[in-house]
Structure formats: structure tokens, C-alpha cells
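Only one structure is covered here, and it is reproduced in the block below.
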Amino acid sequence: MAQIIPASTAESQETGPDNAAWFRYVLGQYPTGVTLITAAPDNAEPAGMVVGTFSSVSLDPPLVAFMPDVRSTSWPKIQTAGSFCANVLTAGQQDVCQAFSRKADDRFSANQWGDTPSGSPRLEGASAWIDCDIEDVIRAGDHDIVIGRVKALGVGASKELPLLFLRGGYGSFTMPSIVSPATALTRHVKAADAARPKIEALAEELKLEVLVSGVVDNSVVVLTAAGVASSPSGSPSRVGVSFGLAAPLAPLHVAWAGEAAESRWITNARNVVGHVDPAVAHAELQQVREIGYAVSAGAAAAAEFERLVVVPSDTAAPDLSGVLPKLLERTASSGPVSIDDPAGVTSLHAPVFDADGQVAVTLTLNGFSGSESSARLADCRDRLLAAALAITEGIGGLIPR
């Protein structure tokens, strides 16, 4: 159910456009596509940048537009080329999005490319591509409005839905309404729906936020939530928030998924931070399997992670390159977190299993202050695990042995 904010509450919040963070937050309520703009300047390396501002402008003549930041170092290279290709990314191309957002050295070499009629790089597997000549450039504040005259366009062979950006998260947020019943996402949504009575009761009992998350196309997506207003760090909405499935994040979604999933989890993190110790990552997964739940700690890192994935930024996707090293370093130096050492614990996580013994969704208790006692954390853990077990049994799930 959509959250209805009373007029008195809405009016009490800051509405001035001079506050940049608030401006981004409000505009972040509008979902946008994620598009990779590429070009091939003469006698130079190819150039590319991710934007959330690509748009159709006119049918006659056929015009499109995108709006790069005037401080961008990639935009001048694209402008020099005189033409560009707009590659509409799919939900499965979040790694491409991140690579170009952080200007990874292998952002071109790590992907497959074709050429458009104008000679711009065309990303293989993109949802769609639009080949354009630069028609006009208009300065508008701290951005340029780039008008492109369409010369050719087409759709890709991928069956995946386009990548979307909403409230600081990315994923394919409209998939639940049109996805085939046979897909994994539908199973996630059914499990989340079955979980709702339990998580609402749990949130009320513990006065904490409870999130239900599933994995969609290599990203963790919050499917439903309860008790957001009860959480000290609660936000207007969590549903739809998404982040990449990379070590050490969301280990429950990997611990029982097999070697290939574990390797991908570690590789995803390595693509962001450059180096990950596999032994440390595997040790965390082993502990999760042994105890049957996961613990997150570190108030500073949790706050930064929250800011990145919940509060919108001006990039097309959350850049976790700053927070992942902190989380990995904490795990490497202190080992897996335990409630026996309660200092700094920020959240608890429990798995809900499907009929194949795989994790269908996870439950997260969120909003701890970091100063709870071991007894309080143990009580919360036990109630969380009881709720997860009841939901597992309710959907005919099988707990792996």
C-alpha cells in the first residue's frame, strides 16, 4: 500500500529549491531509465558516460536529448566526435553502469561492441540503441541540454527489462506487474506477500523496521517493508531500493546458492574495489551457514551505505566503491560479526527458504542504535528467526541441512 503523508506532515518538511540534497531527493521520486552515451572521437579512445536524463524530444524531425553535467570530463570528448549512440541499459547490465560511472580502465574492453552507422560504439545486449548526430547544445544552469538528430535506431536481442533508477536505487522496478509466473521474481514476490502479516507483527512487537528482500538480476531489491516509521533511521519508503549483490553485502542470498554464486559475489566486489580476499569472504559465508542468520555492524559504514542506496544522488546508480572497502576491512580485521559482541550492531538478517532449499527472500531487522545489549539482540534474533521459519513453512519451503 502506498504511504500517504498528511498535508501537515508534508508542509512541515523543507520545500525550498536552494537545498541541493532536498532537491535531489524530491526529484528522485521520479523513476528514470539508465542510458550509456558512447562516441568515437577522431584519433582518440572511445568515450562514454552514464546518464539518467536521456529523453525523446520530437518525432518530426526525429530528435532526442540528454543532459550532461558541465563538469563532466567525458562530455567534451563526446561533443568533439559530433555524434553519439544512446545505449539503453538492461537490468542485467548494472556492472556496465557501475564500470562507466567510476571510469574503470576496462569499461570498454570488458564488454562486447558493434558499430552504429555513424561509427559510435554500440553496446551488445543493450535494450535499445539510438544513433545520433549532435544537432544543438544549450547551456542550462550546471548542465548542457544536448539535442541529437536520430540517424538510426534499433532494439537489442535481450529479453531483460530496462534498468531503472529510483530513490537512489536501481533495478527493474516495474517487473512485478508484468513478469511471467514462472520467473524467480514472481516467487520472490509471492514469498514477500506471504511474509507481510509476520513482518508487520514483528515490527510492531520490536519497534523496529523489517525489510523483505530478494535477488533480481544480480541485485538485492527490497520487495516490501513494515515499521519504517518505528525505525530511528526510517525513511519515507524502502520498497524498490536496490544495490548490487557484492561481498560482503547480503551473504544470506549467497551462502546456500553454490560455488558459482559465491564466486560471482566475490567477483562483483572485486570489480568495485579492485581486491577481495576470497578466504575472508568464504569464512563469512561459512559462519552464515553454521548459525543460520547474519549480523551487520559498524554505524559509520551503515550510515554511508544508507545514504548511497536510499537517498538519491546525481549518478545513475549507487557507487559503492567508498563503502565496500570499509565493510570488507572490518570483516577482514575482526572476522564475522556476532551478537555476542553487541557494540555497533546495526541490523540482523534471516533467510526464508523455498521448496528447493534455496533462499527465496530474506528478512532484515533494521534500525538498531548500536548500543543494544546482548540480551536485547538475542531476543530480536530469536523472534526474527521464528518469523522466518514460520514463513518458510507457510510457503512449503525446505531448510537445507
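Laboratory data are not the source of any read-out in this text; all were calculated from the coordinates shown. Predicted model only: the values in this text are computed from it and were never measured. Glycine gets a Cβ as well: all are built from the backbone with ideal geometry, and neighbour counts include every protein chain shown.
Each pair of Cα atoms in region 54-93 enters the Kirkwood radius, and Stokes-Einstein at 20 °C and 1.002 mPa s then converts it into a translational diffusion coefficient of 178 µm²/s. Close amide H partners of residue 153, meaning residues 5 or more places away or on another chain with modelled amide H under 5 Å apart, are 131. In this simple spin-label approximation, residue 399 and residue 386 carry label points 7 Å from Cα along the Cα→Cβ vector, and these lie 1.4 nm apart. Taking 18 Å as the straight-line reach from the Cα of residue 77, the lysines in range (excluding those fewer than 8 positions away in the same chain) are 103.
Given +1 at the Cβ of Lys and Arg, -1 at the Cβ of Asp and Glu and no other charges, the dipole of region 32-155 around its Cα centre is 180 debye to the nearest 20.
Compute the Cα gyration tensor for region 39-122, then decide on rounded, prolate or oblate, letting a ≥ b ≥ c be the square roots of its eigenvalues: rounded whenever a/c is under 1.5, prolate when a/b is larger than b/c in the other cases, and oblate in all that remain.
rounded
Annotation for residue 29 and residue 190: the two label points, set 7 Å from Cα along the Cα-Cβ direction, are 3.5 nm apart.
Could you rank the peptides 208-218, 45-55, 385-395, 257-267 by their average count of other C-beta atoms within 10 Å per residue, with the highest value first?
Result, highest mean Cβ count within 10 Å first: 208-218, 45-55, 385-395, 257-267.
Peptides 107-119, 123-135 ranked from most to least packed give 123-135, 107-119, packing being the mean of other C-beta atoms within 10 angstrom over each peptide's residues. Our estimate of slack between residue 140 and residue 277, defined as 0.36 nm per intervening residue step minus the Cα-Cα distance, is 44.7 nm. Of all lysines in the structure, those lying under 25 Å Cα to Cα from residue 198, and not within fewer than 8 positions of it along the same chain, are 190, 207.
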